[in-house]
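Asks: Before I ask anything, here is the structure I am working with.
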Amino acid sequence: MTTIANPADTLLFETSVEGRRCLRLPELDVPKVDLKQALKGAKLRAKPANLPEVGELDLVRHFKNLAQKNFSVDRNFYPLGSCTMKYNPKINVTLLCSPGFTRAHPHLPEADLQGHIELMYNLEGYLREVSGFPAVTLQPAAGAQGEMTGLMVIKAYFEEKGEGKTRTEIVIPDSAHGTNPATAALAGFKTVTLKGKPDGSVDLELLKTLVGPQTAGMMITNPSTLGLLEPNMVEIAKILHAHGAQLYMDGANMNAIQGIVRPADYGVDVMHFNLHKTYSVPHGAGGPGAGPIGVASHLEPFLPVPRPVKNEDGTFSLDSKRSKSIGKVRSFFGNYGALVMAYIYMSQLGREGVRRAAENAVLGANYLRVKLRNEFKVFTDRVCAHEVVFTDAIQAKNDIHALDVAKRLIDYNIHPMTIYFPQANVTNGEGAMMVEPTETESKQTLDFFVDVMKKIAQETKENPQLLKEAPHNMPVVRLDEVRASTQPQLYCPMCMA
Amino acid sequence: MPFIQNTEAERREMLSAIGVKSLEDLFVDVPANLRINMADTSKFKLPAGQGELEVTRHIEGLLAKTKNTGDYAFFRGGGIYNHFVSTVVDHIALFDSSFITAYTPYQPECSQGTLTFMFEFQSSICALTGLEVANASMYDGASALAEAMMMGKHVAEDKWRKEDRNTFVLAGAHNPDYEQVVRTYADVAGIKVVNVAAGADGRVDMEALKKALTRKVFAVAIQSPNYLGVIEDLDAINAARKESESLFVHCTSEPLSLALLQTPAEAGADIAVGEGQPLGNHQFLGGPAFGYFAARKEHLRKMPGRIVSETVDKNGKRAFALALATREQHIRREKATSNICTNQSLCALRALIHLAAWGKNGFVELAEHTVAKTQYAMKKLAAIEGVKLVYADSPVFNEFVIQAAPGLEKKLLKKKIVGGLALDKYGKGRRGQYLVAITEVTTKAQIDAYADALAEALKGKPAAVA
């Protein structure tokens, strides 16, 4: 019997047929040219790039087939911890598609950009109010670039004080996001790892032994990556400031504290926002996001340029004349389209809505913590913030691990939680399962998740094989991910033909 | 409350299940004196929330205070280009929420849609650049160039352990935004950046470049077509760097040029980076779009960013998965090749759809039209008294520099024309010079109107010197 290739599993390059077309150009309205002559002998490529040739229907159908192979917030509960997969309002995308945005060229005359600069100016204002910082820049393209910008600003600050050569260390808790140490290294700092207390909070006595004149700052995530609010933020800031060092707050988990407390009031000097987490910019299968930073007043002169400013006559301008600025971290104005969506979202939430978002995010996580704590070990069973970290300690007795639980969730049409983060050195070797429901999920959905998780706990004991072989209804199952790295095949061979 | 579905009754039920009395009790770890008091409206002064109707009106009000490329005959590029974007792109990338509301494909079984398009995207970047490995996207062209520098430094540290290679050469006319971003990254990484200026023909001064390429240099980057629109002689640059063995980074902000021009691989480049906006991404004041990043296979393990590989599942079926995560920050932490996490996947998806929608022959035709229109515009503008082509003898693709007179913008704007970008801020001696950009969107009628308006604006002005 011959096997029939499933069109849904075929790559665009494989369906390509010479001569097939989707888009057509208008007839050329200027004289044709001889390429060699027109390009004055510049070397041409040997042959055209072998891009796929498809018709519009097959092109659309290809991506619709791929769409069906994806879980997404609009179709699935997506409690991927640390990523804040909240609902993305449709109005964001619809308004963003206005020609006023899609055809806004950065080199239009400034007079034509007034509404855009005003929007950026207003959004900076919103973020200043939420964070308590006197100054914000919208330029960083993502959280990690926000971190980078924050550390560059800190570095520039110390260089101006003549301490650039001596302030070489950044203290980072062992539970931090991987981007924190990676950023510190990229920014030329030595990282000093701070081991957390068993409950995930900062060990103040230990911190005191690590901070000194060599310390440029500390990067702290609050709430922590264990989903817990750090109770001693004020003391931590005091310890750093006593040595002249700066406190950087990773605002990835701002969803839990917006409208509750302003990070600047803790004594934080710099923090970044993740607009794709807290302010509903769609995650886009990995990006784009945006990572603005807020800073205390002594750091403002070092922020990237240009900065949107409001003039006395009510007009807006972009100010690039700032002599102490670190320069630019991204071309033009950052991920402006993402900023627009965050602005629309924040305008809808308003003062009350921002606070309610945090309250309900925290309410949902605690509800799951309490509802599931008999079946799954809660890493630190006290009031949590917007996410709760379970471990697989109970299931491990049946040789079922976080990975198996995650894969079994797929069978119930739920996107798995984040697994194995925080890393094993933080969770005493137990496999972490970090669940973040977000405020936009209803109680029914949370109850459904609770029922599913309880069922999985039961299956662990009664039929562990069911978990080991999960998922059961997906196009592919349990991939050879080692092979992906040891024998990488990174392109479709036809593309190089 | 907007987007929160639970009712007050449900909230009470949940609080009672948790065993606390009020929502306030969930924030015991926040010191009472720091908690925002909602009754005190002098603090935390966000405006009240608005419904969909009000917000739509507000945004429309802001947009009424703007104009866009559609309102003009528009002749500016300089890194972002006014291309046509097919409706198919928006329908798949924005209106089908299966991609836009998903995240990084950590769980491959329920993310094959994303992983497959990333693999196809990588394949199309390989097709364009001729290089064997491409990642799944960077933030933009500028930060991709900065990351290429960082990667070059990492390669150098391995390759020339005993040599002190700490210099990055920016050869020729680079986009000033790219240069600024590169310098910002270099400053904190302790890398020395050296510029080698363009010569009288708009191409990098080869004699100066040869002198600059010492054994201190770990990599040299060239933008082609460069910021002045001129296509560089890549073979000459490749030959010049051979002696110092520096790595060769190719960069462009108009990847449509790769449809026709010698590929980075053919030119001998180790790394190719550039701006992805011209490939199916809207202008959005310059972002979000994406940066593409490709390299020779030997550099794979030093590459930044996510990479997808074909593999098989446990039944032997073809499948796609994230590969080589041990380079990345969530595994390697301070030893990672880059700190990038969130990238620009959706913009990369747009590029893939755009490239497939034009297809092999359509993409070439698109580039050919661009060349023809650019040639027409050059002839038309150069024929005006008082206008000269600054690099008349050098090859260009979609942009070129004219010498006219300073301060012509307002006169052109009155005729609904946004003329070329004034270059006086770009360097000394560029007063009265403009960088003119052409795309498939530009019509003959617009070019003619630009030429007429320019001729009129120049009447009575002193003749151009170039």
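Asks: Apply the Karplus curve 6.51 cos²θ - 1.76 cosθ + 1.60, θ = phi - 60°, to the phi angles in the range A:159-168 and return the couplings in whole Hz, x for Gly and Pro.
Replies: 4, 5, 7, x, 10, x, 6, 9, 7, 10
Asks: Let me ask something else about it. Which order do A:276, B:154 fall in if you start with the one that has the fewest other Cβ atoms within 10 Å? Present the calculation step by step, with values, prior to reporting the outcome.
Replies: Working: A:276 29, B:154 18.
Lowest count first: B:154, A:276.
Asks: Related question: Express the Stokes-Einstein translational diffusion coefficient of the range A:356-483 in µm² s⁻¹, to the nearest whole number, given a Kirkwood radius over alpha-carbon pairs, 37 °C and a viscosity of 0.692 mPa s.
Replies: 220
Asks: Moving on to the next point. Can you pull a Stokes-Einstein diffusion coefficient for chain B at 4 °C (1.567 mPa s), Rh from Kirkwood over Cα pairs, as a whole number of µm²/s?
Replies: Roughly 52 µm²/s, to the nearest whole number.
Asks: Want the number for residue B:314 to residue B:48: 0.36 nm per residue separation, take away the alpha-carbon distance, what's left?
Replies: That pair, residue B:314 and residue B:48, stretches by 90.4 nm at full extension.
Asks: Of B:341, A:22, how do they rank once you tally other Cβ atoms within 10 Å and put the fewest first? Mind showing how you got there, number by number?
Replies: Numbers: B:341 28, A:22 21.
Ordered from fewest to most neighbouring Cβ atoms within 10 Å, B:341, A:22 come out as A:22, B:341.
Asks: Along the Cα-to-C-beta direction of residue A:94, a point sits 7 Å from the Cα; which residues of the range B:57-80 have their amide N less than 15 Å from that point?
Replies: So the set is B:57-60.
Asks: Would you mind checking the tilt of helix B:176-189 against the longest principal axis of the Cα atoms of chain B, expressed as 0 to 90 degrees and rounded to 10?
Replies: Once rounded, the angle reads 60 degrees.
Asks: Hey, with R₀ at 60 Å, roughly what FRET efficiency would residue A:29 and residue B:41 work out to, going by the Cβ-Cβ distance, to 0.05?
Replies: Values: r = 60 Å, r/R0 = 1.00.
Plugging the Cβ-Cβ distance into 1/(1 + (r/R0)^6) gives 0.50.
Asks: Roughly what % antiparallel, to the nearest 5, for the DSSP beta bridges in the range B:88-353?
Replies: 40
Asks: Here is a further query. Using 7 Å Cα-to-Cβ label points, what is the residue A:74/residue A:309 separation (nm, one decimal)?
Replies: Placing both labels 7 Å along Cα→Cβ, they lie 4.2 nm apart.
Asks: Rounded to whole Å, give me the distance from the Cα center of the range B:67-110 to that of the range A:349-401.
Replies: Cα centroid to Cα centroid, the span is 36 Å.
Asks: Related question: Starting from the Cα-Cα distance between residue B:452 and residue B:91, subtract it from 0.36 nm times their residue separation and give me the gain in nm to one decimal.
Replies: Full extension from residue B:452 to residue B:91 adds 126.0 nm.
Asks: Take every Cα-Cα pair in the range B:88-353 and report what % of them are more than 31 Å apart. Let's see the in-between values first.
Replies: Working: 8263 of 35245 pairs.
More than 31 Å apart: 23 percent of the Cα pairs in the range B:88-353.
Asks: Roughly what angle does helix B:52-64 make with the longest principal axis of chain B, taking Cα atoms, 0 to 90 degrees, to the nearest 10?
Replies: It works out to around 20 degrees.
Asks: Could you give the nm distance between label points at residue B:197 and residue A:195, where each point is 7 Å from its Cα heading toward the beta carbon?
Replies: So the label points at residue B:197 and residue A:195 sit 5.8 nm apart.
Asks: Still on this structure: At a Cα cut-off below 30 Å, give the lysines reachable from residue A:47, other chains included and same-chain residues fewer than 8 away excluded.
Replies: Qualifying lysines at Cα under 30 Å: A:32, A:36, B:242, B:297, B:302, B:360, B:373, B:379, B:444.
Asks: Taking the Cα atoms only, what angle lies between the long axis of helix B:444-458 and the longest principal axis of chain B, rounded to 10 degrees?
Replies: Compared with the principal axis, the helix lies near 70 degrees.
Asks: Taking Rh as the Kirkwood radius computed over C-alpha pairs, what is the Stokes-Einstein D of the range B:53-101 at 4 °C in a medium of viscosity 1.567 mPa s, expressed in µm² per second?
Replies: Translational D for this selection: 94 µm²/s.
Asks: Please compute the contact order of chain A in relative form: average sequence separation of alpha-carbon pairs under 8 Å and at least six residues apart, divided by the residue count, as a percent.
Replies: Computed value for chain A: 18 percent relative contact order.
Asks: Next question, about the same structure. Return A:441, A:118, A:235 ranked ascending by Cβ neighbour count within 10 Å, so the fewest neighbours appear first.
Replies: Details: A:441 26, A:118 19, A:235 16.
Least to most surrounded, the residues fall as A:235, A:118, A:441.
Asks: Another question about this same structure. Starting from 0 in steps of 5 Å, tell me what percent of the Cα-Cα pairs of the range A:1-147 lands in each bin.
Replies: 2, 6, 7, 9, 12, 13, 13, 13, 11, 8, 5, 2, 1, 0, 0
Asks: To continue, here is another question. Between residue A:194 and residues 5 or more places away or on another chain, which pairs have amide H atoms under 5 Å apart, with H built 1.01 Å from N, and which residues are they?
Replies: Correct list: A:172, A:174.
Asks: Can you tell me what share of the DSSP beta bridges in chain A is antiparallel? A percent to the nearest 5 is fine. Mind showing how you got there, number by number?
Replies: On the way: 19 of 37 bridges.
Roughly 50 percent of the beta bridges in chain A run antiparallel, per DSSP.
Asks: Near residue A:436, within a Cβ-to-Cβ distance under 13 Å, what is the net charge of the other residues, with Lys and Arg +1 and Asp and Glu -1?
Replies: Neighbourhood net charge equals 0.
Asks: Need one number: % antiparallel among DSSP beta bridges in the protein assembly as shown, to the nearest 5.
Replies: On the way: 49 of 88 bridges.
Bridges in the protein assembly as shown that DSSP calls antiparallel: roughly 55 percent.
Asks: Okay, moving on. When each pair of different Cα atoms in the range A:90-194 is counted once in the 1/r mean, what is the Kirkwood radius in angstroms, to one decimal? Don't skip to the end; give the middle numbers.
Replies: On the way: mean 1/r = 0.0595 Å⁻¹.
Averaging 1/r across every pair of different Cα atoms and inverting gives 16.8 Å.
Asks: Rg and Dmax of chain A, using alpha carbons, in Å: what are they?
Replies: Answer for chain A, Rg first and Dmax second: 25.6, 80 Å.
Asks: Give me the one-decimal nm value for the distance between modelled label points at residue A:21 and residue A:208, 7 Å along each residue's Cα-to-Cβ direction.
Replies: 7.7
Asks: Could you compute Rg(Cα) / (2.2 N^0.38 Å) for the protein assembly as shown, with N its residue count?
Replies: 0.92
Asks: Which whole-number percent gives the relative contact order of chain B, counting Cα pairs below 8 Å spaced six or more residues apart?
Replies: The value is 19 percent.
Asks: Something else about it: What does the C-alpha gyration tensor say about the overall shape of the range A:7-68? Classify as rounded when a/c is under 1.5, otherwise prolate if a/b is larger than b/c, or oblate.
Replies: prolate
Asks: How much FRET efficiency would the formula 1/(1 + (r/R0)^6) give for residue A:398 and residue B:383, where r is the Cβ-Cβ distance and R0 is 60 Å, rounded to 0.05?
Replies: Details: r = 83 Å, r/R0 = 1.38.
About 0.15, to the nearest 0.05.
Read-outs: derived from the displayed coordinates by stated rules, not from any lab. Bear in mind that the values here come from a model prediction, so they are computed numbers and not experimental data. FYI the Cβ positions are ideal-geometry reconstructions off the backbone, even for glycines, and counts take in every protein chain you see.
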